[in-house]
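In what follows, a structure is listed as structure tokens, so that the remarks can point back to it.
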Amino acid sequence: MRCIYCLSDKSDSAFTKAEHVMPQAFGRFQNNFTLNGVVCDECNQYFGDNLEIYLGRDTVEGISRYEYRIKDRKDFKSIGPKTRLQGMQIAEGVLKGAYIYLEYSQERDEIISLPLPQVGFQNKISLNYKYFLLDGIPERVELENEGFNCDSNVRAFGDSFELIEKALANKKISPEFEKELPLLDKKSEKLLIEYEASVDSVIKRSIAKISFNYLAYLQGADFVLQDIFNPIRFYIRNGELESTPFVIINNESILKDELQNGLARLMHIVTISWAQTGFSLISRVSIFNFLSYTVQLVRHYPNPNPNFVKGHFFNLGDYKIYELTRR
Ligand SMILES: [Zn+2]
């Protein structure tokens with residue numbers, strides 16, 4: 001058996017989990033579309049831990065709806081992100097492992113991620129950082145036994161320098177800090193911007209995965225195992241980029257008859273069709289029927305079948321999946 005994402009040949013004991021075309025975080029639908037024996041457990045786990053963590057968690061009613069403006073973003077703070085979302089950790093990139101929370105920014109009119117008060121120690125050998133919230137900093141000897149540098153390159157985030165210094169001093173740690181800088185210094189700000197860019201890419205990869213899963217669901221594993229799908233496959237699985245973006249965000253609804261007054265019907269939509277040129281396979285995805293994404297699954301396919309057009313919507317009213325019909 002061969003996994004459509006990592007292309008590894010594995011025994012069937014490595015394919016015990018069903019991969020959902022639409023992540024379950026977006027709803028559990030009747031007769032749900034799943035891939036069985038097609039995505040290995042390791043890839044399934046990777047996607048859950050690294051991609052879907054941002055889309056789902058238990059926050060379908062939370063983050064995503066705010067993110068996609070189903071609800072007013074200004075209400076975001078009032079539902080208490082501090083209790084529900086505190087302690088989210090960054091999954092990838094230069095700030096991997098750092099703790100963040102989400103908050104509505106009036107200035108930017110969007111949900112932004114901010115670091116919680118914390119310190120990060122660098123491992124002397126791997127050079128990777130491990131982060132601790134202020135009430136969870138281990139004893140100095142413990143950190144040193146694990147190979148962390150307690151004296152320099154310590155990263156700190158928070159509003160109060162004194163508080164952090166005190167928390168560290170309690171553990172007999174007093175690293176060199178540039179004290180005149182606020183804790184969220186220029187360097188950290190740059191890291192956070194990089195982090196936001198990586199979250200953006202994580203969301204796009206998650207969207208691309210919905211498209212690729214859907215294609216595998218419709219056409220079978222052998223079809224998507226073709227080498228020509230390797231660029232999109234490795235973009236989804238490993239974040240490998242190409243010069244032309246795979247995923248583009250659009251502002252209009254996929255459905256032609258959608259009302260234009262903002263009262264979009266609550267559903268997710270996935271479609272696949274050949275581009276007008278006939279050589280690229282294009283998918284469109286909409287989550288909560290708000291923003292839509294165009295995903296280029298393959299370019300320059302040698303023998304396209306221009307009649308291949310499919311679409312389904314995942315209705316959040318009755319939790320059923322319906323096929324879209326062409327007019
Ligand atoms: Zn795999």
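Glu162 versus (1) of a type outside the set (Gly, Ala, Ser); (2) at pLDDT below 90; (3) closer than 15 Å to Gly97 by Cβ: which is the lone unmet condition?
Every listed condition holds for Glu162 apart from (3).
Anything in the range 7-43 that is within 20 Å of the chain's Cα centre (by Cα), within 11 Å of the ligand (Cβ to nearest atom), closer than 23 Å to Ser283 by Cα and surrounded by fewer than 20 Cβ atoms within 10 Å (Cβ to Cβ)? List them, or say none.
none
Criterion first (among the small types (Gly, Ala, Ser), at pLDDT 65 or above and within 30 Å of Gly317 (Cβ to Cβ)) does Ser273 satisfy it?
yes
Give the residues of the range 304-326 that are at pLDDT below 90 and in contact with a Leu (Cβ under 6 Å, 6 or more places away or on another chain), sorted by residue number.
Listed by number, the list holds a single entry, Leu316.
Report whether or not Tyr54 is crowded, with 20+ Cβ neighbours inside 10 Å and either within 14 Å of the ligand (Cβ to nearest atom) or modelled with pLDDT under 95 (or both).
In short, yes.
Please determine whether any residue of the range 133-147 is at pLDDT below 85 and farther than 20 Å from Asp49 by Cα.
No.
The values are calculated or read from the model by the stated rules, or taken from the named source; none is laboratory data. Note that the structure is a prediction, hence the values are computed from the model and not measured. We place every Cβ from the backbone using ideal geometry, glycine too, and count neighbours over all the protein chains shown.
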